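In what follows, a structure is listed as structure tokens, so that the remarks can point back to it.
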Amino acid sequence: MTRLRLASGSGEATALPWPVRWSSWLFCAVVALAPLPLGSVGTVAPAIWSILLGIALLGVLPMRLRGSQLAILAVTALLTALAMLVLHEQSALRPWSGVAPNALWAQAGKLLPAELPPAVSIARSQPFYSIGVGIGCLLGFAVGVVLGANRGLARGLLRAVAAAGLVYAICGIVTFAIDPTRIYLLHEKQAHLAWLTSPFVNRNTAGIYYGCCALIWLLFGCELIERHWPSRRASLSRLLARLDMPARRRLAGHAFGWLTCLLAMFLTGSRGGAGISLLAAVAAAAIFFRNRVPRRYGMIVALGVGSLVALALLQLLGGGVGARFSTMGLSDEGRFSTYRATLRMIWDHPWLGDGFGTFEWVYPAYRTDDISLRGTWNRAHNSWLELASDGGMLMAGATMIALLAAFGVLAHGVRTRRRDVIVPLAALCASAAGALHSMIDFSLQITGYAVVIAALLGAGLSQSFRSGRGGSGGGSDRDAHVTVGRQVNVDLARRSGGAAGDSI
């Protein structure tokens, strides 16, 4: 039976209610499996995940919420209410705001014999059908916030994401070597035939996903090293001497998971995914060991060394990515032309946009001649610009402000927490990497990836606040008791029963 140690440290244990246990397993299963069916694109897979996440949310109702969790959920409810208001205004025949309908309806009415009731959206029902990603992210975030208050459950989520990424990476590498034109030998690719995309259709989404999984494996390894850090003068020989055989096996396992996910990331050939993931990994490692380096220049040196390691990995494992950087640079002209066209779309309909999910139908009217006629641009390749063009600047602005506030809370948690710092740190670096990557692509519009980031973000926000006395912040995981920046006598801690855990 899963048990919780009270935050007061009294040793008294309370059992998690069985609905909470089942909900936590269901939640981790959904987060782990969401990327598998081709990134859960379309309407069926997001609907299934939303139903399962809704069941998981009902199961966690017995958990007592702290004030910080209630505040996070209240802000989420306000943002959801704004999205529902925008959705109503886009689809209603008589919007409450009295905003003028899209002019295309009047033009179409002149050409067609039938009368067409005008609306703000150029496709009346499309905003409703396109909210599947948002619903999945909302439910995943809410469950992550509720369950994330428990240290053991929050760390279990990290394990589920890391393990799923490792399994996908191994299967993807093996099947890619057998037949690179198919996804896991089952689904025939329509594009990116020379690059690894499994389990997604798009290689850029696969690249940033594997990068986030590699980040979690890296932080697990950093935590293990921190736990055995020499109490006096630090050196590699002393660190290796303190690592017993079980610890070395665990460290080797973390290194294997990290390198395997990195290899899968490089095989995608994604410039943005690889570059941003490496930056996030360097930042995460430097922040984690910030108390182990000299205060004046230590962080700069750590970032410099980390950058050199990242460049070495890029040269060693990422030859394809490096070649694409050399031949194509950081971006291509088609993206910049699309960004300019999207800005004109925002300028024409700034407040409510053209309708959620309607970019594919609106963009041809703004497409310029300097973009190749090959291919269909059904995405803006910038999720934030597309959100502003589809949902209006109010919706996009509120979302960005909420996300920046979440980053601030996560940074506060990384700075103040003394245990389980990898939970808010992984959430901060992974979500920041996803947000940054979505400025040059559309990874956060893919359900299989967005649900993972939303779940990590919710759990990280809950772990950014210290558990109150008698709260539900305890965890059965002995790994949870890792103190960053303090000298830890591992042998004494083990004899006293307060050691950080022995297994990941």
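The values are calculated or read from the model by the stated rules, or taken from the named source; none is laboratory data. In this text the structure is predicted, and so the values were computed from the model without any measurement. So basically every Cβ, Gly included, is an ideal-geometry build from the backbone, and we count neighbours across all protein chains shown.
Take the conditions (1) free of Cβ contacts under 8 Å to residues at least 24 places away in the same chain; (2) in a loop (DSSP other than H, G, I, E, B); F465 misses just one of them, which is (1).
Screening A255 against (1) within 18 Å of V309 (Cα to Cα); (2) free of Cβ contacts under 8 Å to residues at least 12 places away in the same chain; (3) not β-branched (V, I, T) leaves a single unmet condition, (2). Listed by first and then second residue, the pairs with beta-carbon distance under 9 Å, at least 6 apart or on different chains, first residue in the stretch 402-416 and on the phi > 0 side of the Ramachandran plot, second modelled with pLDDT under 95 and loosely packed, with under 13 Cβ neighbours inside 10 Å, form an empty list. Is there a residue in the stretch 178-201 that is touching a residue at least 12 places away in the same chain (Cβ under 8 Å), of a type in the set (V, I, T) and in a helix (DSSP H, G or I)? No, every residue in the stretch 178-201 fails to be touching a residue at least 12 places away in the same chain (Cβ under 8 Å), of a type in the set (V, I, T) and in a helix (DSSP H, G or I).
Looking at T197, T205, which one is closer than 29 Å to M439 by Cα, crowded, with 22+ Cβ neighbours inside 10 Å and in contact with a Pro (Cβ under 9 Å, 6 or more places away or on another chain)?
T205
Among the residues of the stretch 262-271, are any in a helix (DSSP H, G or I), under 20 Å from the mean Cα position of the chain (by Cα), under 28 Å from G434 (Cβ atoms) and of a type outside the set (A, V, I, L, M)? For the stretch 262-271, residues in a helix (DSSP H, G or I), under 20 Å from the mean Cα position of the chain (by Cα), under 28 Å from G434 (Cβ atoms) and of a type outside the set (A, V, I, L, M): present.
When restricted to residues that are within 24 Å of the chain's Cα centre (by Cα) and either farther than 21 Å from G207 by Cα or not in a helix (DSSP H, G or I) (or both), the stretch 272-315 contains 6. Look at W96 and say whether it is among the aromatic types (F, W, Y) and surrounded by fewer than 17 Cβ atoms within 10 Å (Cβ to Cβ). The answer is yes for W96. Restricting attention to the stretch 103-116, the residues that are surrounded by 10 or more Cβ atoms within 10 Å (Cβ to Cβ) and either of a type in the set (A, V, I, L, M, F, W, C) or modelled with pLDDT of 80 or more (or both) total 6. For the stretch 231-256, taking the residues that are surrounded by 17 or more Cβ atoms within 10 Å (Cβ to Cβ) and touching a Gly at 6+ places or on another chain (Cβ under 8 Å), the one that is farthest from A426 (Cα to Cα) is identified as L251.
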